[in-house]
Amino acid sequence: MKRRDTLLFPLAAAWAGSAFAQIGNAPVRILVGAPAGGSTDTLARSLAVSMGPALGRTVIVENRPGAGGNIAADAVAKAAPDGNTLLMSFTSHAINATLYPALPFDPVKDFTALTCVATSPSILVAHPSVPAKDVRELIALAKAKPGQLNFAIGAVGSSLHMAGEAFKMQSGVDIVNIPYKGTSPAVQDVLAGQVQLMFAAVGNVKAHIQAGKLRALGVTTARRLPAFPDVPAIAEALPGYESSAWFGLFGPARMPAERVKQIGDAARHALQQADMRQRLDTEGAIPVGNSSEQFAAFVQSEITRWAKVVKFSGAKPE
């Protein structure tokens with residue numbers, strides 16, 4: 001961030017604290033539609049720590065898991081647009097727009113997009129017993145043995161599930177999904193060779209790749225990752241393929257413009273702090289901190305993009 005932007009933060013924080021004080025001293029709540037301990041939760045808690053001083057308010061995180069994040073989202077959609085109730089959501093916010101046939105809210109119209117906090121690339125890994133050294137060899141193997149290879153997926157409708165569906169859709173292969181209730185058991189079964197393949201967040205499998213327990217076949221970003229310079233991007237074998245999870249901050253619809261700026265500035269300030277940067281690095285995530293307008297346009301584009309993949313997959317909510 002340019003120095004002139006950084007210098008604005010103390011002024012914005014002081015004004016934000018004063019403005020928030022006018023509506024009481026209750027904590028600002030960030031609702032998370034995922035259990036404690038996961039990536040969305042840990043990023044939200046790190047964000048809250050740094051946002052509090054910038055806003056002159058206590059910022060707390062409340063976990064309301066269930067229905068792919070829809071329980072927390074519904075609560076925020078129905079909250080007062082005063083900036084006291086926020087949502088830390090993730091890619092499923094866009095996927096759910098198609099996955100769920102009847103949501104109790106509109107994922108665009110009932111929210112104010114504040115800022116995209118971070119993106120998290122994933123990586124396609126295989127158990128070492130799989131006789132494919134890269135994505136081209138995997139596609140050839142899958143076409144030679146339709147329905148005989150399998151993907152472990154941590155949750156139906158998740159960004160990692162849809163990364164696999166997009167891979168199958170674009171490559172024309174038939175690979176069977178093996179669903180799990182969570183990423184950890186999915187990773188464990190791939191490590192044990194019970195399942196052959198998995199799309200996983202970089203932070204969840206980096207150590208296993210480095211230890212030689214899993215083979216990295218390709219990364220989901222458009223270009224290779226600095227952490228894995230020798231691992232090709234899947235797009236090198238499958239042009240146009242790209243898939244990254246994202247985490248973003250939302251408020252209810254109809255928030256006043258000054259409140260949107262206050263909270264957005266506080267979040268962007270938090271992303272510059274050393275402890276937040278360290279947390280993002282641990283999660284294998286990349287900070288973003290874009291504007292409300294940019295994030296809103298991005299969310300709309302994600303809903304359109306994932307709709308095609310969800311329909312292809314035939315997935316139904318659990």
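Total residues in region 163-181 satisfying the condition of being within 20 Å of Val202 (Cβ to Cβ) and either at pLDDT 95 or above or of a type in the set (Gly, Ala, Ser) (or both): the figure is 5. Can you tell which of Gly218, Gly203 is in contact (Cβ under 8 Å) with a residue 40 or more places away in the chain, within 19 Å of Phe90 (Cβ to Cβ) and not acidic (Asp, Glu)? The conditions single out Gly203.
Per the listing Ala267, Ala307, the residue uniquely under 30 Å from Ala166 (Cα atoms), aliphatic (A, V, I, L, M) and either assigned by TED's automatic domain parsing to the domain that holds Ala200 or in contact with a Ser or Thr (Cβ under 6 Å, 6 or more places away or on another chain) (or both) is Ala307. The condition (being more than 29 Å from Ile303 (Cβ to Cβ) and in a strand (DSSP E or B)) is satisfied by just one residue among Ala245, Ala216: Ala216. Within this structure, Pro131 fails the test of being in the same structural domain as Gly264 (by TED's automatic domain parsing), surrounded by fewer than 19 Cβ atoms within 10 Å (Cβ to Cβ) and out of contact with any helix residue (DSSP H, G or I) (no Cβ under 6 Å at 6 or more places or on another chain).
Name the residues in region 235-253 that are in contact with an Asp or Glu (Cβ under 8 Å, 6 or more places away or on another chain) and either surrounded by 22 or more Cβ atoms within 10 Å (Cβ to Cβ) or of a type in the set (D, E, K, R) (or both), would you? Spell out how you get there, then give the answer.
Start the filter on region 235-253 by keeping residues that are in contact with an Asp or Glu (Cβ under 8 Å, 6 or more places away or on another chain), which leaves 235, 237, 246, 252-253.
The answer is Trp246, Pro252.
Residues that are touching a Pro at 6+ places or on another chain (Cβ under 9 Å), in a loop (DSSP other than H, G, I, E, B) and of a type in the set (A, V, I, L, M) within region 163-196 comprise Val173, Ile175, listed in sequence order.
Suppose we keep only residues that are in a strand (DSSP E or B) and hydroxyl-bearing (Ser, Thr, Tyr) within region 55-91. Which one would you say is nearest to the chain's Cα centre (by Cα)? So the residue we want is Ser89.
The values are calculated or read from the model by the stated rules, or taken from the named source; none is laboratory data. Treat the numbers as computed from the prediction; the structure is a model and nothing was measured. Glycine gets a Cβ as well: all are built from the backbone with ideal geometry, and neighbour counts include every protein chain shown.
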